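Got a structure for you, written out below as structure tokens; questions coming shortly.
The values are calculated or read from the model by the stated rules, or taken from the named source; none is laboratory data. These numbers were taken from a predicted model, which means no experiment stands behind them. Note: areas computed on protein heavy atoms with side chains; ligands, DNA, RNA excluded. Shrake-Rupley method; radii C 1.70, N 1.55, O 1.52, S 1.80 Å.
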Amino acid sequence: MSGSARRGLGLYNIPAHLPFLDTLARGVIEEMGEAGADPTALSRVTILLPTRRAAMALREAFLRCADGRTLLLPVMRALTGLSVEDADELALPGLLDLPPAVDPARRQAVLTSLVLRLPPRYGGPNGPEQAWRLARALGELLDEIALEGCDPGKLPELVPEEFATHWQVTITFLRGVVEAWEGWLEEQGLMDIGPRRVAALEAQAQEWRENAPTDPVFAAGIGAGGTIPAAADLLRVVATLPRGAVILHDGVEKMSAELWDVIAESPTHPLCGQYRLLRQMGAVLEDIRPWHGLGAPGLKPEGRPSGDLDLARRAELLARALRPAAGLDAWLDRQPEYWKPALDGFSLLDAPDVQSEAVSIALLLREALETPSARAALITPDRDLGRRVAAELTRHGILADDSAGQPLGETPAGAFLRLLARAVAEGFAPVPLLALLKHPMAAGGMPRQAWMEAVRLLERRCLRGPRPAPGL
């Protein structure tokens, strides 16, 4: 690809030590402010984000950056196809020629019926409950196959003939299910969810190639999901639009082209997806420019200079720590004075087990409350650790705001419904029945104290001794 062609790409980044969404919002406001004092200018901007949660958070960032002014916010939407569970369909005339997408619940039910055809002796489900879970996993597999641009007909090529028999049975079953599923979709005049989202991405890219929008279009924060071929193609189109831009997270440190290629082939590296995206777009690191206004006075989030040395050095230090094996030679160059700002306020906790780790983190978060207006957050991909810390915080009277939400089955109402289902499934056996009756949400319309006295009486009179017959 020629250098002149690359210079035409609208690729930007935001440093890792700055709040991404706030910096993005201020840059958009600054960019649109240059066009004049038109109060509707911002509303003509379209911003593509990876998830709806990011879109909602960006709305709040715009409000924080408005400094009390009234804003007509840009159009913010999740880029279809990047998230199987959380994506919007783009409204395009070309999509009207395609069959409608199958309803997710209906797909789940039909796939469950197909999974039930496999006998248990060949690895099939033991009942409808297990078949439902297998159907959900099968649906995710079909979506991934579609989004990655793979051909389901090549499934048999995944397992050579010399592999174990159960692998051959699995592939044969998958091939039969896929054929039956595609036949059912054709009979119903429907289209699977994954292929339709790919079609939406391709249709949007084609539309913008032929009719480039005159209003700004930004795609922001799209990293790992951008490796989907159709999404990478659309992002390249966005980057080449007259008023288009793709805004990425900063790679923090300068690196050689060889190390960049190594990171692009290291799936565990946080920037692997982003580097693969750049490679699919035909871009190199030199094509990326700082986002609008970086370093300007208006971009000092929360009173902090945009060039905060401590945070910038810390981000660079963590980036080096995450390097793959090919980049470990960087640690041979010892620079204690250079890294000193990165280590100020930085500590390492070596806990003997997960519970001790959760207790320690909870105490640190509790300590943060001693400082007025201080803010503290726990960032972890380990959902079990997050739940443990939240439980420990309740001992200090603190209710943690978990941005990942809480599984329905672990809420009081969800636990009560699970106990009810278990009691019914086991014929109201003594143990699950008592667990249900003693749950705080069980009262039978009676005062709680009277209800518990009745439950204890039932336990002594009816449930102790020989096991009673199933049923009520």
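Taking just the C-alpha trace of the range 304-410, give me its Rg and Dmax in Å.
Both quantities, over Cα of the range 304-410: 17.2, 51 Å.
Just round it to a whole percent: the fraction of Cα-Cα distances in the range 420-472 exceeding 15 Å.
That fraction is 46 percent.
Taking 0.36 nm per residue of separation and subtracting the Cα-Cα distance, what length does fully extending T371 through V169 add? Intermediate results must be reported in sequence, preceding the final value.
Numbers: separation 202, 0.36 × 202 = 72.72 nm, distance 6.18 nm.
Separation in residues times 0.36 nm, less the Cα-Cα distance, equals 66.5 nm.
Shifting gears a bit: Expressed as a whole percentage, what fraction of the accessible surface of the chain belongs to carbon and sulfur atoms when a 1.4 Å probe is rolled over the protein heavy atoms? Could you put the intermediate results ahead of the total?
On the way: 15220 of 27240 Å².
Using a 1.4 Å probe with all protein chains present, the chain comes out at 56 percent carbon and sulfur.
Can you put T371, T70 in order of accessible area, largest first, using a 1.4 Å probe? Write down the numbers at each step before the final one.
Numbers: T371 80, T70 135 Å².
So, going from the largest accessible area down, we get T70, T371.
At 1.4 Å probe radius, can you tell me the per residue accessible area of the chain in Å²?
On the way: 27240 Å² over 472 residues.
For the chain, the solvent-accessible area averages 58 Å² per residue.
Defining a contact as two alpha carbons under 8 Å apart and six or more residues distant in sequence, what relative contact order in percent does the chain show? Kindly include the intermediate steps, with their values, before the conclusion.
Details: 534 pairs, mean separation 77.1, N = 472.
Relative contact order of the chain: 16 percent.
Under 5 Å between amide H atoms, partner at least 5 residues away or on a different chain: which partners does G244 have, H built in plane at 1.01 Å?
Placed amide hydrogens put V217 under 5 Å from G244.
Work out how much length A351 to R53 would gain on full extension: take 0.36 nm times their residue separation and subtract the Cα-Cα distance, in nm to one decimal.
104.0 nm
In the range 373-429, if every C-alpha pair distance is counted and binned at 10 Å from zero, what percent goes to each bin?
All Cα pairs, binned at 10 Å, distribute as 18, 39, 24, 15, 3, 1 percent.
Rg (Å, one decimal) plus Dmax (Å, integer) for the alpha carbons of the range 33-74?
11.1, 31
Let me ask something additional. Which log10 I(q)/I(0) values does the chain give at q = 0.06 Å⁻¹ under the Debye formula, counting every alpha carbon as one identical point scatterer?
Treating every Cα as an identical point scatterer, log10 I(q)/I(0) equals -0.40.
Assuming 0.692 mPa s and 37 °C, estimate D for the range 341-470 with Stokes-Einstein, Rh taken as the Kirkwood radius over Cα pairs, in µm²/s. Numbers along the way, then the final one.
On the way: Rh = 18.4 Å.
Stokes-Einstein gives a translational diffusion coefficient of 178 µm²/s.
Heavy atoms only, probe 1.4 angstrom, no DNA, RNA or ligands counted: give me Y275, Y12, Y338 ranked by accessible area, highest first.
Y338, Y12, Y275
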